[in-house]
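Down below is the structure, laid out as C-alpha cells.
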Amino acid sequence: MSTVRWKLRQMMADRRITTKALAKAVGVHKNTVSRWKDCDEMPKIDAEELKNICRVLECQLYPDLIEWLPDDT
C-alpha cells in the first residue's frame, strides 16, 4: 500500500520555527500543530491550513511537506 509521508517536523526544524509560532501564523491552537508534528503520515487537515503552513514555511506542498512513497510491489 502506498503511503504519503508527512514532513512537518523536519520542515519546522529546517526553518527553525516553534510550534507556538507556527500555530499563531496559521491560526490554530498550538496543540493542533503539536499533533500534526507527531504524525509520520499526512493527517486530516484543511486545505486552507495546508496553504497557510506552506506560506509560513515558504515551501511547496510536494515534495517539501509531503512525500509519496509508492508500493514496493
Residue list for the range 26-54, restricted to those being part of a helix (DSSP H, G or I), free of Cβ contacts under 8 Å to residues at least 12 places away in the same chain and more than 12 Å from Leu8 (Cα to Cα): Lys30, Asn31, Thr32, Ala47, Glu48, Lys51
Top-ranked residue of the range 1-60 - restricted to ones that are in contact with a Ser or Thr (Cβ under 7 Å, 6 or more places away or on another chain) and aliphatic (A, V, I, L, M), ranked as nearest to Asp71 (Cα to Cα): Val33
Unmet criterion (only one of (1) of a type in the set (Ser, Thr, Tyr); (2) in contact with a helix residue (DSSP H, G or I) (Cβ under 8 Å, 6 or more places away or on another chain); (3) under 15 Å from Arg5 (Cβ atoms)) for Tyr62: (2)
All positions within the range 1-25 that are in a strand (DSSP E or B) and among the charged types (D, E, K, R): Arg5
The lone exception for Thr73 - which of (1) at pLDDT below 95; (2) out of contact with any strand residue (DSSP E or B) (no Cβ under 6 Å at 6 or more places or on another chain); (3) closer than 13 Å to Arg9 by Cα it fails: (3)
Residue check, Thr18 in contact with a helix residue (DSSP H, G or I) (Cβ under 9 Å, 6 or more places away or on another chain) and among the polar types (S, T, N, Q): yes
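The values are calculated or read from the model by the stated rules, or taken from the named source; none is laboratory data. Everything quoted here is computed from the prediction, not taken from an experiment. Ideal geometry is used to build each Cβ from the backbone, glycine not excepted, and the neighbour counts take in all protein chains shown.
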